[in-house]
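I have placed the structure first, in the form of structure tokens, so that the comments after it can refer back to it.
The values are calculated or read from the model by the stated rules, or taken from the named source; none is laboratory data. On a predicted model such as this, the values are computed, not experimentally measured, just so you know. For neighbour counting, all protein chains shown are included, and Cβ atoms are generated from backbone atoms with ideal geometry for every residue, glycine included. Note: areas computed on protein heavy atoms with side chains; ligands, DNA, RNA excluded. Shrake-Rupley method; radii C 1.70, N 1.55, O 1.52, S 1.80 Å.
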Amino acid sequence: MTIKQTLVLLVLCILTGTGAYARNFEKGDVVISAAGIVSPLGLTSDWGEFYIQDQTQDIQHDAKLGKPGFGGELQAVYFFHPRFAAGISASDQHFAKDRASGWEVNVGTHQKNLMLGGQIFINPESEYKVYLPFSAGWNRSRVSVDFGGTQHFKYTGFAYRAGIGVMHVYGRHWALGLEARYNGNQFHDSHYIASNGNRIHLRHKMNFVSGVLRLNYIL
């Protein structure tokens, strides 16, 4: 079975409720999870993707982070109440190089996050549990731009995420979830290009939307 077929099967399980088990979360539950992330991009700079600016010539164009991103995430949360859980997550995502708009140069991005966050459950006793995931923390991004040779821009700073998800429990310990979320990331870096002496600046954020497929294990 291919990865694509496996993902389709997992999504169908969530939608059909195959193997569902009537279990509600309780105070004191601990849930650890692994997730796959897909980020299609396309927000444009007005909504969050960054600008590449030649400060020497005062020229600026918007740019994508690269090709659609793929990555993974690990998360652990503790239920303080059947409607609320909080914990920590770490993620890693790669956007392969693609032709950016404006400058017509190749751009690729690698991003790591470490965050604290929570989940607010709207209907904790329902078969399909709808929840609002949110988090904030540390982001480390590296952008490679083929601008007079490959140039590397780096930034470490504040990041946040917020979205909506739906979860279905399977058996005593397993649950699957789907999430859609908005990712907010600050980004500032600049340096001189050796080939022409111009100062290139990347700013001021790199925001995007992601889809998340999460496999949860309830301790």
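Only Lys, Arg, Asp and Glu carry charge here, each on its Cβ (+1 for the first two, -1 for the last two); on that basis the range 47-153 has a dipole of about 300 debye about its Cα centre.
Excluding ligands, DNA and RNA, the accessible surface per residue across the chain is 49 Å² with a 1.4 Å probe. Computed about the Cα centre, the dipole magnitude for the range 95-194 is approximately 260 debye when only Lys and Arg (+1) and Asp and Glu (-1) carry charge, each at its Cβ. Lysine pair count for the chain (Cα-Cα distance under 13 Å; residues 8 or more apart in sequence or on different chains): 5.
Helix 3-16 axis versus longest C-alpha principal axis of the chain: approximately 50°, rounded to the nearest ten. Compactness of the chain is given as radius of gyration and Dmax, 19.8, 65 Å, from Cα positions.
Couplings 3J(HN,Hα) of the range 126-134, computed from phi: 7, 5, 9, 8, 8, 9, 10, x, 8 Hz, in residue order, whole Hz [Karplus 6.51 cos²θ - 1.76 cosθ + 1.60, θ = phi - 60°; x for Gly and Pro]. For the chain, the Cβ-based charge dipole about the Cα centre amounts to some 400 debye (Lys, Arg positive; Asp, Glu negative; other atoms uncharged).
Using R0 = 22 Å, the C-beta based FRET efficiency linking Lys97 and Ala162 works out to 0.15. Per-residue 3J(HN,Hα) values for the range 147-161, derived from phi via the Karplus relation 6.51 cos²θ - 1.76 cosθ + 1.60 with θ = phi - 60°, read 10, x, x, 6, 10, 10, 10, 10, 7, 10, x, 6, 9, 8, 9 Hz in sequence order (x marks Gly and Pro). Near Asp29, the amide H atoms lying under 5 Å from its own belong to Phe79; only residues 5 or more places off or on other chains count, and H is placed 1.01 Å from N.
Thr56's amide H: which non-local residues (gap 5+, or another chain) put their own amide H closer than 5 Å, with H modeled 1.01 Å from N in plane and none for Pro or chain starts? The list, which skips near neighbours in sequence, is Arg199. With each label point set 7 Å from Cα along the Cα-Cβ vector, what nm distance links Ile59 and Ile120? It is 4.7 nm. Close amide H partners of Leu41, meaning residues 5 or more places away or on another chain with modelled amide H under 5 Å apart, are Gly69, Val209.
Within the accessible area of the range 77-144, the carbon and sulfur atoms contribute 63%, probe 1.4 Å, all protein chains present.
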